[in-house]
Amino acid sequence: MTTVEDLQEALTYLKDRPKFERQLEFTALLTEYFKCKGIKPIVVGGLSVEIYTRNDYHTHDIDLVSDGWNLYNDLLTKLGFTRTEREWYHVESEMAIEVPSNNLEGSLDHVFELVLPNGKTLYIIGIEDIIIHRIEGVAFTLKYPKEDEDYEWAYRMFLIHKNDLDLDYLVEQARKLKIYHLIEEW
């Protein structure tokens, strides 16, 4: 079981590790900490893209979909994180954490469990759902969505994971959200 003291120690020993490793390790510790409280944080956003692109994409923060927002606020404040408008930031470890929602926009059945080399676990939004989110984010706001970098990252994730994707689910979701025309050629 991970304690507040374990998390405090982790902030010290992780600060000199590469950013991606630091983010994964700390997220796994947060996941373990909240597990005993009946809360299962799920990595979404940029860090999920970074994981699925095997560290080609780079993000500055950790986005988690999770219940227990007040618990995060209390815990992260105890750990020395400073609250900004949308996220908490820890200066010494250079980590930012945001909990944008407690509702996963996607399938809980497709959430991926990633086990780190140290045996710790974290949960990531399904690859199909993060592809959909990246495309949906540009589909209705840009005149040429296929020229946007989010479209490119979605396509890269598709290519990297095409043999492991639930294509029926991906197509179903794309049609439901009226963005299938953007991935049909894939």
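Here, each number is a calculation from the coordinates, and none is a lab measurement. All of these numbers come straight from a predicted model, not from anything done at the bench. Neighbour counts are summed over all protein chains in view; Cβ atoms, including those assigned to glycine, are modelled from backbone coordinates with ideal geometry.
Points to keep in mind about this one:
- All C-alpha to C-alpha distances of segment 127-183, sorted into 10 Å bins beginning at zero, yield P(r) values of 26, 59, 15, 0 percent in whole numbers.
- The alpha-carbon of LYS40 sits under 12 angstrom from the alpha-carbons of these aspartates and glutamates, leaving out residues fewer than 8 places away in its chain: GLU32, ASP67, GLU113.
- Cross-linked pairs LYS37/LYS162; LYS35/LYS178; LYS37/LYS120; LYS37/LYS78; LYS143/LYS178; LYS143/LYS176: Cα-Cα separations exceed 25 Å for LYS37/LYS162; LYS35/LYS178.
- Between LEU71 and LYS35, full extension at 0.36 nm per residue minus the direct alpha carbon distance yields a gain of 11.7 nm.
- FRET efficiency estimate (nearest 0.05) - Cβ-Cβ, ASP168 to LYS120, R0 41 angstrom: 0.80
- Relative to the current alpha-carbon distance between LYS178 and GLU85, full extension at 0.36 nm per residue lengthens the span by 30.3 nm.
- Annotation: extensible slack from GLN8 through ASN103 equals 31.4 nm (criterion: 0.36 nm per residue apart, minus Cα-Cα distance).
- A straight Cα-to-Cα reach below 13 Å connects LYS15 with the aspartates and glutamates GLU25, GLU92, GLU94, residues fewer than 8 places away in its own chain not being considered.
- Applying 1/(1 + (r/R0)^6) with R0 = 45 Å to the Cβ-Cβ distance of TRP186 and ARG17 gives a FRET efficiency near 0.80.
- Within segment 1-135, percent of DSSP bridges classed antiparallel, to nearest 5: 65
- Largest first, the three principal axis extents of the alpha carbons in the chain are 51, 29, 28 Å in whole numbers.
- Amide H contacts of SER101 (H built 1.01 Å from N, under 5 Å, at least 5 apart or other chain): SER66
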